[in-house]
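Below is one structure, written out as structure tokens; comments come after it.
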Amino acid sequence: MAEPHDDAPRHPSPGPARAHEGPHDAGHPAYPVGLRLAGRRVVVIGGGQVAQRRLPALIAAGADIVLVSPSATPSVEAMATAGELRWERRRYAEGDLADAWYALVATGDAAANAAASAEAERGRTWCVRSDDAEAATAWTPATGRDEGVTVAVLAGRDARHRDPRRSAAIRDAVLEGLRDGTIGAAREQATDDGAAPTGPVPVALVGGGPGDPDLITVRGRRLLAAADVVIADRLGPRDLLDELPPHVEVIDAAKIPYGRAMAQDAINAALVEHARAGKAVVRLKGGDPFVFGRGMEEAQALAEAGIPCTVVPGISSTISVPGAAGIPVTHRGVAHEFTVVSGHVAPGDARSLVDWAALARLTGTLVVLMGVDKIGAIAAALIGHGKDPATPVALVQEGTTAAQRRVDATLATVGATARAEAVRPPAVIVIGDVVAVGKG
Ligand SMILES: C[S@@+](CC[C@H](N)C(=O)[O-])C[C@H]1O[C@@H](n2cnc3c(N)ncnc32)[C@H](O)[C@@H]1O
């Protein structure tokens, strides 16, 4: 990602000497500083793309922002409507920067930019200028944030040699390193009063996504990189376990559907035991921890043991696996709702909490997890309660992985088709007209 063009011109055409040229033009590097703008006036001249990109960080910094511009992009307008800045709908006029601590000048009018930047210079207001980096008294670095760390990069020796692309590339590399743990700066451990923290490290219940290792969240990946012990399910991004350094203890929770399972009690006990031993424990789960994931049971077990826990949401297979197979769970004019159901107990089973009669009446999409074995009975129940037997159905097995496959059927045929095609768990079953949408 390149920096936007407010920092871009590196070789502005030579023009008449600027009234404000001074020692800062002598090829010196910029002096980096962190501005604390909360409650302080920042004036932005111009409401176009440059302002749109810069404003969110100024808003996040708590600046008292005045935007002067006859027009604005819809996003900038939305910021004004939301009360995040004050918008004066007019062109720049002398005196606009009077009370500003900092200014961003970014109109499409070179004369207005020059006049505003000259006013800033006279008033000793640090000023970023979109059309002429050399004339500016401040430059916007390529920035990014990660866990309380702000990375800001200005690459190049001086205005003429500034290299925004390099700045952005270095910024991205540093952030990536921080996020995946390859830049292992010690995290701040002390509390506000300087004391070392006490008590066990929080256990992280991490949603790993549906299986593709790229589909875990940034936070999940970072916690995994810092783990001493990982307790992993069979589902989820197993490939990520290969990347863990040898000292990391990986415990296989292997909840194979209908097969041998490490009892939930044993998983809970392992979480507690390793956390008490002072280890950084990650419980890596498939999809999202709170969608048929027993995540809350684990959080409760940890709470009972007095161990803090942090829950990191994950991309659930519920939506992502149909999507990976080209099926949108909603589609305009086709489905205005989708319902997610567990199919692990058959309709009619006394343990079932699902109202299949009500589901049969819905016009939207039905997404069934853990339903491969029972799909014949589920389809029969839906048809029995009035659902059209011709309703399209897709079974998507091992979605988002190299082994992904999709098998299509109708409600009338799906039981036999699933058997004939030997569809196996894990699979997400999608029932509804959305199945046909992507097929053209
Ligand atoms: C115990 S549930 C866990 C769901 C998980 N917490 C989530 O949010 O995706 C397991 C079921 O999720 C579905 N599932 C999970 N990952 C899948 C994948 N990659 N492909 C197909 N189905 C998947 C299957 O229906 C499987 O039986």
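Things worth noting here:
- To the nearest ten degrees, helix 110-123 and the longest principal axis of the Cα atoms of the chain are 70 degrees apart.
- On the basis of the beta-carbon distance and an R0 of 60 Å, residue 98 and residue 416 show a calculated FRET efficiency of 0.15.
- Phi-derived couplings, Karplus 6.51 cos²θ - 1.76 cosθ + 1.60 at θ = phi - 60°, listed residue by residue for the range 392-407: x, 9, 10, 10, 10, 9, 6, x, 6, 9, 5, 8, 4, 8, 10, 10 Hz, with x used for Gly and Pro.
- Point-to-point label distance, residue 402-residue 244, nm (Cα→Cβ direction, 7 Å offset): 2.1 nm
- The distance separating the Cα centre of the range 312-332 from that of the range 59-77 comes to 35 Å.
- Sorted largest first, extent of the chain alpha carbons per principal axis (Å): 84, 55, 34
- Hull shadow area, averaged, the range 319-359 [alpha-carbon convex hull, nm²]: 3.8 nm²
- Close amide H contacts of residue 338 (hydrogens built in the peptide plane, cut-off under 5 Å, sequence separation of 5 or more or a different chain): 365.
- Residue-normalised accessible area of the chain, expressed per residue, 1.4 Å probe, Å²: 51 Å²
- Two-decimal ratio, the range 263-394, of alpha-carbon radius of gyration to 2.2 N^0.38 Å: 1.31
- Relative contact order of the chain, taken over Cα pairs closer than 8 Å and 6 or more residues apart, is 11 percent.
- Cα-only Debye scattering, the range 195-353: base-10 log of I(q)/I(0) at q = 0.09 Å⁻¹: -0.33
- Length gained on full extension, residue 355 to residue 330: 6.9 nm, using 0.36 nm per residue less the C-alpha separation.
- For the chain, modelled as a GNM whose springs connect Cα atoms under 10 angstrom apart, the maximal fluctuation among 79, 296, 370 occurs at 79.
- Rounded to the nearest 500, the 222 nm mean residue ellipticity of the chain from helices alone is -8000 deg cm²/dmol, with -39,500 (n - 2.57) taken per DSSP H run of at least 4 residues.
- Taking θ as phi - 60° and the Karplus parameters 6.51, -1.76 and 1.60, the scalar couplings of the range 29-42 work out to x, 6, 9, x, 7, x, 7, 9, 9, 4, x, 9, 6, 10 Hz in sequence order, x denoting glycine and proline.
- Loop-located GluC sites (Glu not before Pro) in the range 22-95 (DSSP state other than H, G, I, E, B) with a sparse environment of at most 13 neighbouring Cβ atoms within 10 Å: 94.
- Within the chain, longest stretch clear of exposed trypsin sites (Lys or Arg not before Pro) (DSSP loop, no more than 13 other Cβ within 10 Å): 352-438
- Accessible surface of the chain, 1.4 Å probe: 54 percent of it comes from carbon and sulfur atoms.
- Centre-to-centre, using Cα atoms only, the range 123-160 and the range 371-412 are separated by 55 Å.
The values are calculated or read from the model by the stated rules, or taken from the named source; none is laboratory data. The structure displayed is predicted, hence computed values, not measured ones. No Cβ is skipped: glycine too gets one built from the backbone with ideal geometry, and neighbour counts run over all protein chains shown. Only protein heavy atoms, including side chains, enter the accessible area calculation; ligands, DNA and RNA are left aside. Shrake-Rupley method; radii C 1.70, N 1.55, O 1.52, S 1.80 Å.
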